[in-house]
Structures are given as structure tokens and as C-alpha cells.
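See structure below.
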Amino acid sequence: MTESQEESAPRRRPQQRKQVLLRLDPSVYDALARWAGDELRSANAQIEFLLRKALADAGRLPGEVRPIPRRGRPPADPDA
């Protein structure tokens, strides 16, 4: 690609995460929230983790899927 083509090419915006309304039995949600807490995740992150695992196990996880974004404090710098 030439420099002029790069300047005129539209930039891709990062894809935003989809928002989904999910209705769950209260007992199922409570169990999910406890499980998420045991693994230091939010209930939402636990649902995404489980869905990705199920898709991967079934061979249906698309190849272009990005890893789950890491939250919280970044790891300590070993060079510091």
C-alpha cells in the first residue's frame, strides 16, 4: 500500500462489545455469581468465559475472536 492509499483508507474502529439482556432463574444466577466470585470474576465475565469455553469445546469459536480483555491492575514490571 502506498502512503497516499494509507492516508485515504478508512481506519477501522475497534468493535464494541455487544450488550445482551439475559433472563435467568434467580437460583441459577446465585450459583453463577458464587462461582464467579470463587474465580475472582464478575458474573458477566464468568458468563462470557463459560460461553467461550463451550464454543471452543464444540469447535464453533470463530478464529478471529480476540481474547477476553484483562481487567484490573497490570502485572508488576519485572525490570523495575
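The values are calculated or read from the model by the stated rules, or taken from the named source; none is laboratory data. Since this is a predicted model, take the numbers as computed values, not measurements. FYI the Cβ positions are ideal-geometry reconstructions off the backbone, even for glycines, and counts take in every protein chain you see. Note: accessible area is taken over every heavy atom of the protein model, side chains too, but ligands, DNA and RNA are not part of it. Shrake-Rupley method; radii C 1.70, N 1.55, O 1.52, S 1.80 Å.
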GLN46: passes all of (1) on the phi > 0 side of the Ramachandran plot; (2) surrounded by 10 or more Cβ atoms within 10 Å (Cβ to Cβ) but (1)
Test result for ARG70, out of contact with any helix residue (DSSP H, G or I) (no Cβ under 7 Å at 6 or more places or on another chain), open to solvent by 100 Å² or more (accessible area, probe 1.4 Å) and in a helix (DSSP H, G or I)
no
Flagged pairs (Cβ under 6 angstrom, 6 or more apart or on separate chains; first in segment 56-80, under 19 Å from GLN46 (Cα atoms); second not in a loop (DSSP other than H, G, I, E, B)) are LEU61/LEU55
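If you scan segment 49-67, which residues turn out to be of a type in the set (Gly, Ala, Ser) and either exposed (fewer than 11 other Cβ atoms within 10 Å of the Cβ) or in contact with a strand residue (DSSP E or B) (Cβ under 7 Å, 6 or more places away or on another chain) (or both)?
First, the residues of segment 49-67 that are of a type in the set (Gly, Ala, Ser): 54, 56, 58-59, 63.
Of everything in segment 49-67, those that are of a type in the set (Gly, Ala, Ser) and either exposed (fewer than 11 other Cβ atoms within 10 Å of the Cβ) or in contact with a strand residue (DSSP E or B) (Cβ under 7 Å, 6 or more places away or on another chain) (or both) turn out to be ALA58, GLY59, GLY63.
Give the residues of segment 25-41 that are surrounded by fewer than 13 Cβ atoms within 10 Å (Cβ to Cβ) and not in a helix (DSSP H, G or I), sorted by residue number. Walk me through how you get there before you give the answer.
Taking segment 25-41 first, the residues surrounded by fewer than 13 Cβ atoms within 10 Å (Cβ to Cβ) are 25-28, 30-31, 34, 37-40.
Listed by number, the residues that qualify are ASP25, GLU39, LEU40.
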